[in-house]
Amino acid sequence: QLALMPSHIYTRLGRYQDAIDANRAAIAADEAYFRRVGKRPGIYADGYYPHNVHLLMTAAQMAGAGPLAIEAAEKLRRIVSDRSARTAPWIQAIKAAPYFAHAQFSPADDILALPDPGPGMPYVLGAWHYARGLASLWKDNDAGAEREARAIQSLRKSSVWTPLTSAGVPAPEVMAIAEQVLRARPAQSAGGLEPAETRLAEA
């Protein structure tokens with residue numbers, strides 16, 4: 001944690017490379033510790049370690065370091081367990097984060113190949129649909145993007161969000177923004193700036 005904590009300050013100052021370096025040092029310390037004593041379930045392995053990987057990913061996103069962001073995203077996807085997210089629902093926000101990194105940096109085909117996270121974690125599933133919607137748009141598949149937008153709309157209306165919102169995660173609002181963005185992009189591409197403006201204003 002001593003290696004990690006400066007990254008919080010660096011991120012707020014826009015010193016993203018310094019944040020990357022601090023989180024890399026923290027992750028290296030974590031992994032050296034696990035090699036020495038083993039990796040047991042608990043607050044360290046399931047909480048602090050993924051937190052360091054998550055912050056590395058977000059610092060790389062802000063720095064525009066796409067390959068590093070995706071490398072960290074994939075590691076984060078592997079180490080945050082479904083068990084943790086179901087025990088503490090706010091962890092869904094961390095499990096969802098890799099999909100937003102992929103949406104920012106990955107090629108469309110890579111995004112479309114990401115596995116379906118399945119039911120039970122609506123925020124994670126919504127992030128997957130959002131990334132797939134953007135990938136569909138990049139492949140000129142407006143119908144596919146609309147399908148993903150409808151899936152997000154259905155999740156937003158049918159899911160119980162209280163476990164996340166009570167923990168400070170504005171999940172339904174983020175899902176509403178994702179839905180409107182997916183529906184605005186085809187209008188933008190077709191030159192329909194007024195419908196796109198309406199959608200984006202709602203977002």
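Give me the pairs, please: first residue somewhere in the stretch 180-200 and without any contact (Cβ under 8 Å) to a residue 40 or more places away in the chain and polar (S, T, N, Q), second residue anywhere and outside any loop (DSSP other than H, G, I, E, B) and surrounded by 15 or more Cβ atoms within 10 Å (Cβ to Cβ), beta-carbon distance under 6 Å, and either six or more positions apart or on two chains.
Gln180/Arg199; Gln188/Ala196
Any idea which residue in the stretch 1-27 is surrounded by the most Cβ atoms within 10 Å (Cβ to Cβ), counting only those that are without any contact (Cβ under 8 Å) to a residue 24 or more places away in the chain and assigned to a helix (DSSP H, G or I)?
Ala22
Determine whether Ala203 is under 29 Å from Asp109 (Cβ atoms), open to solvent by less than 80 Å² (accessible area, probe 1.4 Å), at pLDDT 95 or above and out of contact with any Lys or Arg (no Cβ under 8 Å at 6 or more places or on another chain).
Considered against the rule, which asks whether it is under 29 Å from Asp109 (Cβ atoms), open to solvent by less than 80 Å² (accessible area, probe 1.4 Å), at pLDDT 95 or above and out of contact with any Lys or Arg (no Cβ under 8 Å at 6 or more places or on another chain), Ala203 comes out as no.
Looking at Pro117, Pro186, can you tell me which residue is crowded, with 19+ Cβ neighbours inside 10 Å, in contact with a helix residue (DSSP H, G or I) (Cβ under 7 Å, 6 or more places away or on another chain) and closer than 21 Å to Pro98 by Cα?
The unique qualifying residue is Pro117.
Would you point out which residue out of Gly126, Gly133 is farther than 22 Å from Asp82 by Cβ and not hydrophobic (A, V, I, L, M, F, W, C)?
Going through Gly126, Gly133 in turn, just one is farther than 22 Å from Asp82 by Cβ and not hydrophobic (A, V, I, L, M, F, W, C): Gly133.
Is it the case that Ala149 is under 30 Å from Leu55 (Cα atoms), surrounded by 15 or more Cβ atoms within 10 Å (Cβ to Cβ) and modelled with pLDDT of 95 or more?
yes
Run Lys95 past the list (1) surrounded by fewer than 16 Cβ atoms within 10 Å (Cβ to Cβ); (2) under 26 Å from Thr162 (Cβ atoms); (3) of a type outside the set (Ser, Thr, Tyr); (4) under 18 Å from the mean Cα position of the chain (by Cα) and report the number of the one that doesn't hold.
Single failed check for Lys95: (1).
Looking at this structure, is Arg77 open to solvent by 50 Å² or more (accessible area, probe 1.4 Å) and in contact with a helix residue (DSSP H, G or I) (Cβ under 7 Å, 6 or more places away or on another chain)?
yes
Filter the stretch 29-60 down to the residues that are closer than 13 Å to Leu2 by Cβ and in contact (Cβ under 8 Å) with a residue 24 or more places away in the chain and list them by number.
Scanning the stretch 29-60 gives Ala29, Tyr48, Asn52.
The values are calculated or read from the model by the stated rules, or taken from the named source; none is laboratory data. Because the structure is predicted, anything quoted here is derived from the model rather than measured. All Cβ positions, glycine included, derive from the backbone under ideal geometry; neighbour counts span all protein chains shown. Ligands, DNA and RNA are excluded from the accessible area calculation, which covers all protein heavy atoms including side chains. Shrake-Rupley method; radii C 1.70, N 1.55, O 1.52, S 1.80 Å.
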